[in-house]
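Here, each number is a calculation from the coordinates, and none is a lab measurement. Note that the structure is predicted; figures quoted are calculated from it, not measured. In this analysis, Cβ positions are derived from the backbone assuming ideal geometry, glycine residues included, and neighbour counts consider all displayed protein chains.
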Amino acid sequence: MKTDVILESLAVKHPGETEYLQAVKEVLLSIEEVYNQHPEFDKARIIERIVEPDRIFSFRVTWVDDRGDIHVNLGYRVQFNNAIGPYKGGLRFHASVNLSILKFLGFEQMFKNALTTLPMGGGKGGSDFNPRGKSNAEIMRFCQAFMLELWRNIGPDTDIPAGDIGVGAREIGFLAGMYRKLARENTGTFTGKGLSYGGSVLRPEATGFGALYFVKQMMESNDLSMQDKTVSVSGFGNVAWGATIKATEMGAKVVTISGPDGYIYDPAGICGDKIEYMLSLRETGNDVVAPYADEFPGSTFFAGKKPWEQKVDIALPCATQNELNESDAKQLMANGVICVAEVSNMGCTAEAVDYFVEHKQLFAPGKAVNAGGVATSGLEMTQNAMHISWSGEEVDARLHQIMFDIHKQCVAHGTANGYTNYVKGANIAGFMKVAKAMMAQGVV
Ligand code: 2IT
């Protein structure tokens, strides 16, 4: 594979798409060696085909706020690759959303979904709509306007969106409701739905729970347990809470959470009532973490800082891409961190990942660690297709097995000289599945 040539040509074709180019580079460097052992891949131009999305929908979303003012946002759906199953992936509503971010997320999603062992292709979408400070009615009108454009391009066997940053159960409800109205069908076209209309138990917690099942495997593979380990978590959304609750259940102690305003350090552990308090604040529209420190004595708020400066055993970025950089990586390792696992998508910068891997740090990438979220979406699709619903025990058991299998695949493909490079393992395992499916289906 002429990795440099491919990367250079992509940079020329897609100038300024830094996140997308970062995600592609990481995968290409990981799979280079294996790819070169398969000349049939190169002959079929698998790499050139896999790095470009199948198609991108891009549209204007016009909506009216509560004062009657009109707003224009951009909406997108990137259908990346459906070789192993229908396009599947979340929608992100955040002011930072652009095509580079959605293409990186769709590209990652394709390999992540392959790792889950379920038949799902990769896709991603969203809007630069900023949900901060919007009323319920404004959110609904935006979701309806978004769906008015997108509905013809999705469907239960075509493309199944779900949540991501800024899109939770409420937004999925509004999107699915409008889809049902326009398509005149009630099918499993979305996941992350409410329980009363086809949602799966455990979907909201699944990303965080699955991540901790994965982290436990990482620890146990090194004869380490979760008991009494200190954990730093960033973010304070669904994913962060799922990770916090499961880490606590496993006997560890979560000592940080973070928001756009800074982070909280609570040496007594963030659990139980403290989580309830933050969730109830969220209901009232609060989207910062500072109030935690006023409510719970013994905790400290650090304005404008990131939690990676605290000494912990396990660090879990759970907020957004590139939230942990090389100097954070150095600080964590200098403080003796045992395990770092990305729960957010591409939570670490390329330099941070290189630093961890070069220094043989126990580290795993988002596409493996956070795959429990989309895996449980896959289980929601199965339940919808079968017109049944499974119990929490059933879903949890399946999630557990899937995370165990993903860990096994990473170890099988990423281990050399006693060190498991989970980045390499996850990329090779995910890539091989998609590449084989493409080879089998001809040039399309
Ligand atoms: O990044 C992700 O895997 C998600 N936002 C979840 C996607 C899904 O389809 O459940």
Taking a ≥ b ≥ c as the square roots of the eigenvalues of the Cα gyration tensor, with a/c under 1.5 meaning rounded and otherwise prolate when a/b exceeds b/c and oblate if not, segment 278-414 is oblate
Answer in debye to the nearest 20: the dipole magnitude of segment 276-325 about its Cα centre, from +1 Lys/Arg and -1 Asp/Glu charges placed on Cβ, is 220
Its Cα gyration tensor gives segment 1-148 an equivalent ellipsoid whose semi-axes in whole Å, largest first, are 35, 16, 11
When Leu202, Leu99 are arranged by how many other beta-carbons sit within 10 Å of their Cβ, fewest first, they go Leu99, Leu202
Given Cβ charges of +1 for Lys and Arg and -1 for Asp and Glu, the option among Phe190, Ala137, Gly392 whose Cα lies farthest towards the positive end of the dipole of the chain is Phe190
For the chain (alpha-carbon point model, no solvent) the Debye-based log₁₀ I(q)/I(0) at q = 0.08 Å⁻¹ works out to -0.42
When Asp164, Asp157, Asp128 are ranked with the fewest other C-beta atoms within 10 Å first, the list becomes Asp157, Asp128, Asp164
Once both label points are put 7 Å beyond Cα along the C-beta direction, the Glu32-Thr382 separation in nm becomes 3.8
Note to self, the chain gives a 222 nm [θ] from helices alone (DSSP H runs n ≥ 4, -39500 (n - 2.57) apiece, / all residues, nearest 500) of -15000 deg cm²/dmol
In segment 324-375, taking the dipole from +1 charges on Lys and Arg beta carbons and -1 charges on Asp and Glu beta carbons about the Cα centre, the listed residue (Ala368, Gly347, Gln331) farthest towards the positive end is Ala368
Quotient of Cα radius of gyration and Kirkwood radius for segment 239-354, i.e. Rg/Rh, equals 0.95
To the nearest 20 debye, segment 126-209 has a Cα-centred charge dipole, built from +1 on Lys and Arg Cβ and -1 on Asp and Glu Cβ, of 300
If the chain between Tyr419 and Asp354 were fully extended at 0.36 nm per residue, the gain over the current Cα-Cα distance would be 22.0 nm
To the nearest 20 debye, segment 239-387 has a Cα-centred charge dipole, built from +1 on Lys and Arg Cβ and -1 on Asp and Glu Cβ, of 300
A student applying the Cα gyration tensor rule (rounded when a/c is under 1.5; otherwise prolate if a/b is larger than b/c, oblate if not) would label segment 15-72 prolate
Any trypsin sites (Lys or Arg not before Pro) in segment 179-209 that lie in a DSSP loop and have at most 11 other Cβ atoms within 10 Å would be Arg184
Check: C-alpha center segment 190-215 vs C-alpha center segment 399-444, spacing in Å is 23
Distance in Å, no decimals, from the C-alpha centre of segment 253-328 to the one of segment 25-43 is 40
For Val64 and Asp405, extending 7 Å from Cα along the Cα-Cβ vector and measuring point to point gives, in nm, a value of 5.0
Sorted largest first, the C-alpha extents of segment 235-293 along its principal axes in whole angstrom are 31, 19, 18
Within the set Ala397, Ala429, Ala329, GNM on the chain using Cα springs under 10 Å gives the largest fluctuation to Ala397
A student applying the Cα gyration tensor rule (rounded when a/c is under 1.5; otherwise prolate if a/b is larger than b/c, oblate if not) would label segment 349-395 prolate
Once both label points are put 7 Å beyond Cα along the C-beta direction, the Ile6-Ser96 separation in nm becomes 2.7
GNM of the chain, Cα pairs under 10 angstrom: of Thr376, Thr191, Thr248, the biggest fluctuation goes to Thr248
